[in-house]
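Peer 1: One structure, pasted below without further comment.
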Amino acid sequence: MCSIKNNTKIKSKWPKYFVTFFLFFCISKANAGKNLNIYAEANLAPAIVKIAKIFSTENNVVTSVNFDSSIDFVENLNNGDSFNVFVSANVNTIESLKQKGLIDVYNIIYIASDRLLLVCKKENMLPINMIPDKINIGDAIKIIDEYKLNLIINHENTSEGFYSQKLIDSSNFNNLKLFIKLQEDRSSLIKDIEDNNDSFGLIFASQLKNNKTLRIIASDQEKSYQAMAVAGNDMEIARQFLKFLKSDIAEKIFSSYGLSNN
């Protein structure tokens, strides 16, 4: 079994990342009272905000976007909050929502793909000495395990953390010093990696846009984001937004933030 420190909270110089809530108001007599409430993974924030703003303007609806982990979405639904669209790559959460009848199984689309990366600071010379180029991500982590090095991952309730933990669980690591961010810690995972010169981290490729401090060591297979209509709310406005997520405009925006088009 790997050495997991579930209660180890990594210090960060940056302030906590709180749930971000965006509102776009477009007044129109034709669509008075129309609302679109979107819930998406936090790392999709830049792309989804830009897409939602365009959709809001073109369709004259009030659009709100909430970003957090998939488990928070389920908790908010259970607390009576209302959403029209949910976007996630966490297949476990999506399957659970299907079984509970909380989403419309006939209105689920694949919108973009991300890739899990093993990274470290460019100043970290360990990968140059120990890890060869073009290595499988699992084999790269085995080398980190062999040398008893640090690996930082997100908590399992995020899609990024879910696939990171799945990757860790698929192999027998005996020496790996694994640090898992606490769910209540909203600070940047990238910042945690940057603040620890001798540590490695697992992050999604979409988070590396314009980052000049981290080095990519290895990558995993692509993981797909799914967008779905939440059952019981305004299904028509949800379907309109899902269709817009497959438009040329939306695909270009996803691509500009390092997300592959599905």
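The values are calculated or read from the model by the stated rules, or taken from the named source; none is laboratory data. Not measured: the values here are computed from a predicted model. Cβ: placed from backbone, ideal geometry, glycine included. Neighbour counts: every protein chain shown.
Peer 1: With a cut-off of at least 2 residues that are buried (at least 23 other Cβ atoms within 10 Å of the Cβ) and modelled with pLDDT of 90 or more, name the strands (runs of 3 or more DSSP E) lying wholly within region 1-93.
Peer 2: Answer list for region 1-93: 35-40, 62-67, 85-88.
Peer 1: Only one of (1) part of a helix (DSSP H, G or I); (2) exposed (fewer than 14 other Cβ atoms within 10 Å of the Cβ); (3) aliphatic (A, V, I, L, M) fails for V105. Which number is that?
Peer 2: The number of the failed condition is (1).
Peer 1: Any residue that is touching a residue at least 60 places away in the same chain (Cβ under 8 Å), within 29 Å of N136 (Cβ to Cβ) and either surrounded by 17 or more Cβ atoms within 10 Å (Cβ to Cβ) or touching a Leu at 6+ places or on another chain (Cβ under 9 Å) (or both) - is there at least one of those in region 232-250?
Peer 2: no
Peer 1: Could I ask something else about it? Restricting the search to region 118-144, which residues are modelled with pLDDT of 90 or more and buried (at least 21 other Cβ atoms within 10 Å of the Cβ)?
Peer 2: L118, V119, C120, I141, I144 - these are the residues of region 118-144 that are modelled with pLDDT of 90 or more and buried (at least 21 other Cβ atoms within 10 Å of the Cβ).
Peer 1: Out of all the residues in region 207-246, which are touching a Lys or Arg at 6+ places or on another chain (Cβ under 8 Å) and over 18 Å from K191 (Cβ atoms)?
Peer 2: Hits for region 207-246 are S219, D220, Q221, E222, K223, A229, D234, I237.
Peer 1: Also, quick follow-up: Going by the structure shown, is D192 acidic (D, E), closer than 19 Å to T158 by Cβ, under 17 Å from the mean Cα position of the chain (by Cα) and crowded, with 19+ Cβ neighbours inside 10 Å?
Peer 2: When the stated conditions are applied, D192 passes them.
Peer 1: Still on this structure: On the basis of being free of Cβ contacts under 8 Å to residues at least 60 places away in the same chain and among the aliphatic types (A, V, I, L, M), does I143 make the cut?
Peer 2: Taking the combined requirement at face value, the residue satisfies it.
Peer 1: Could I ask something else about it? Within the bounds of region 240-257, is there any residue that is within 18 Å of L44 (Cβ to Cβ), modelled with pLDDT under 95 and of a type in the set (K, R)?
Peer 2: no
Peer 1: Same structure, new question: Using the structure shown, decide if L176 is surrounded by 17 or more Cβ atoms within 10 Å (Cβ to Cβ) and over 21 Å from the mean Cα position of the chain (by Cα).
Peer 2: Yes: the conditions hold for L176.
Peer 1: Strands (runs of 3 or more DSSP E) wholly in region 110-209 with at least 2 residues that are closer than 19 Å to A45 by Cβ and outside the structural domain of F254 (by TED's automatic domain parsing) - which ones?
Peer 2: So the answer is 199-204.
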